[in-house]
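First the structure, in the form of structure tokens, and then the observations on it.
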Amino acid sequence: MNAITIKNLKKIYATGIEALKGINLDVKEGDFCALLGANGAGKTTVIGILTGLVIKSSGEVKVFDYDIDIRHTAARKMIGVVPQEMNFNMFEKVKDIVINQAGYFGIRRSVAEKDCEQILKELQLWDKRDTASRQLSGGMKRRLMIARALINHPKILILDEPTAGVDVELRHSMWEYLRKINQQGTTILLTTHYLEEVEQMCRHAAFIKNGEIFAYDSVKRLIKQIDMETYVVHVEKISGLNQLAHYNVIALDEHTFEAEITKGAKLNDFILKVGKAGMIVTDLRPKGNRMEKLFLNILKQ
Amino acid sequence: MNFSEKLIAYSTIVRKEVHRFMRIWTQTILPPAITQSLYFLIFGKFIGSQLRDIGGVSYMAFIVPGLVMMTVINNSFSNVASSFFSSKFQRSIEELLVSPLTNVIIVAGYITGGLLRGIICGVVVFCVSMFFIHPTVMYPGLILIFMILASIVFALGGLLNAIYAKSFDEIGIFPMFILLPLTYLGGVFYSIHTLPVFWQTVSKINPILYLVNGFRFGFYGISDVSINVSIAMLITFIIVLVFLNLYLLNKGTGLKS
């Protein structure tokens, strides 16, 4: 069953900007899907329409078969949303923000209080439950938005750049948490600029550019499209780099350079050529930014 | 959402609203008590003692209903206007917009918040007036009806203002340039019978005149205008403003792009 069905979705803003030019997207139940694109590509507009913050110009959007125009109440009950920007009352306490959100979904206060305690504990915010939200750190505010989005036990969690501006440690703990709730059955749709995030967590990814989706496939299949892999090569001292020009080498410092090697090519041949150029390899590792490469390739097309 | 869920959602908004204005009671409940005490002291006690009775009641007693009604109007309006606009400004209004709440519940919740603040402030000011005079209460039921209807009308007005407003300045324009003059010229401090006939006719265009006089009728049984007309006007305003607010919310004016 599709968790999200989008057909020929168009959005023209009052300013005349055509943000979406008729996109189609099906996200299967239980999937972990990424929506990728440059700034202004239309990602946030898609999320806005799904969550009721943006009015679509035309097209059809269904959430678990509930049309957002006809059965909007049922559709919204299925969704939890973590927006890009902080959007809670800065003067309210952490606990009140989460419990009130449950109230808006018609959840009894006694039930909401128990659920709130559990979610805040899982997100390590329980100690801050009586703190005004404005006093939280940036990372805590992000976690609070996740806690608020989960209080109605959504079947779909939509996150708009959830790890933007978050430090590495917190980013990894958020990935771990999102993976966990996805394994428990929650469908996740996220937008992100961290392509490593997509490679690490997502099963499917859709690339959106100028309001159109032009690539949508499993992350594994998308990565297979890349015919080159970038390696970071450490040597005792760089010399004769011009002899390796066909590997598109870029010197990073006196001991390190990057080289692009065709997929399936023998690494041994490459190392021999590096040796012939007069360098001694001390370390060699893939750069691990394959999605970034793919993203840039697709954007160029 | 079933009825029980709707009731929970509605009571959540009301609870949040009451919690908000009670948390900042020094900015919401205390100022009207102090301001109106000064009115009672200066206009009622010092100046009023030198004036003759109006319609058989002392000047101090005459201004009490007007000042209470002025408090109800200002507070119910400003509560909804500032709370809703502040939610828009901080974008916490999105918490409501992404939920399954209907616009009817959103309007009902915010209006109840404004109504409660209007009535609480009105009762506080009435209690303050007891330090200066013991006003007669002829029709308590009518007083309550006028307080409730007036609060609802101006809370709806506050919501309309907040939906359209793009900055905090725009929240202040209506109360300052429209509401305040209409209130002062709405018979709070005088009977329109003291005016020349032409200005009596002009005054009757002012909707607040009907509120103040209807409310005063509940205390002393005296009014410059018909009570039935006052109630009919209030109900008409409520119906028009409810539909207007719902129409704008359904359209997403000021909230959705």
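Structure above, values below:
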read-out	value
Highest-first arrangement of A:18-25, A:231-238, where packing means the average Cβ count within 10 Å	A:18-25, A:231-238
Selected from B:L97, B:L234, B:L149 as most flexible by GNM, with chain B as the system and alpha-carbon contacts under 10 Å	B:L97
GNM result for chain A, Cα springs below 10 Å: residue of A:T187, A:T15, A:T45 fluctuating most strongly	A:T15
Carbon and sulfur %, accessible surface of chain B computed with the full protein complex present, 1.4 Å	72 percent
Other protein chain Cβ atoms within 10 Å, averaged over every residue that makes up B:88-95	6
Chains A and B together, accessible area buried on both sides, 1.4 angstrom probe, square angstrom	2700 Å²
Buried on assembly, region A:33-81 (at least 40 Å² less accessible surface than by itself, 1.4 Å probe)	A:L53, A:I55, A:T73, A:R76, A:K77
Region A:2-223: C-alpha gyration tensor shape, a/c 1.5 cut-off, then a/b vs b/c	prolate
Cα-based Rg of the protein assembly as shown normalised by 2.2 N^0.38 Å, two decimals	1.31
Reduction of at least 50 Å² in accessible surface, 1.4 Å probe, comparing all protein chains with the chain by itself, residues of region B:228-257	B:K256, B:S257
Number of partner chain Cβ atoms within 10 Å, mean per residue of B:96-106	6
Carbon + sulfur, % of accessible area of region A:226-300 - ligands and nucleic acids excluded, 1.4 Å	53 percent
Per residue accessible area in Å² of the protein assembly as shown, where ligands, DNA and RNA are left out and the probe is 1.4 Å	45 Å²
Partner chain coverage, peptide A:84-92 - average Cβ within 10 angstrom	5
Once exposed loop trypsin sites (Lys or Arg not before Pro) are cut out (DSSP; at most 11 other Cβ, 10 Å), longest piece of chain B	B:53-165
Chain A: antiparallel DSSP beta bridges as a percent of all, rounded to 5	70 percent
Too-long pairs where the Cα-Cα distance tops 18 Å, listed order kept, from A:K28/A:K56; B:K88/B:K166; A:K11/B:K256	A:K28/A:K56
Carbon + sulfur, % of accessible area of region A:2-223 - ligands and nucleic acids excluded, 1.4 Å	46 percent
Delta accessible area of at least 30 Å² on complex formation, residues of region B:1-36, 1.4 Å probe, chain isolated as reference	B:M1, B:E5, B:I8, B:T12, B:R15, B:K16, B:R23
Tensor-based shape of region A:132-175 (alpha-carbon gyration tensor, a/c under 1.5 rounded, otherwise prolate or oblate)	oblate
About the Cα centre, charge dipole magnitude for region A:135-194 (Lys/Arg +1, Asp/Glu -1 at Cβ), debye	200 debye
For chain B, built as a Gaussian network whose Cα springs stay under 10 Å, the top-fluctuating residue of B:E170, B:E17, B:E95	B:E95
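The values are calculated or read from the model by the stated rules, or taken from the named source; none is laboratory data. Just so it is clear, the structure is predicted and the values come from calculations on it, not from any experiment. Cβ: placed from backbone, ideal geometry, glycine included. Neighbour counts: every protein chain shown. Protein only, heavy atoms only, side chains kept; ligands, DNA and RNA dropped before computing areas. Shrake-Rupley method; radii C 1.70, N 1.55, O 1.52, S 1.80 Å.
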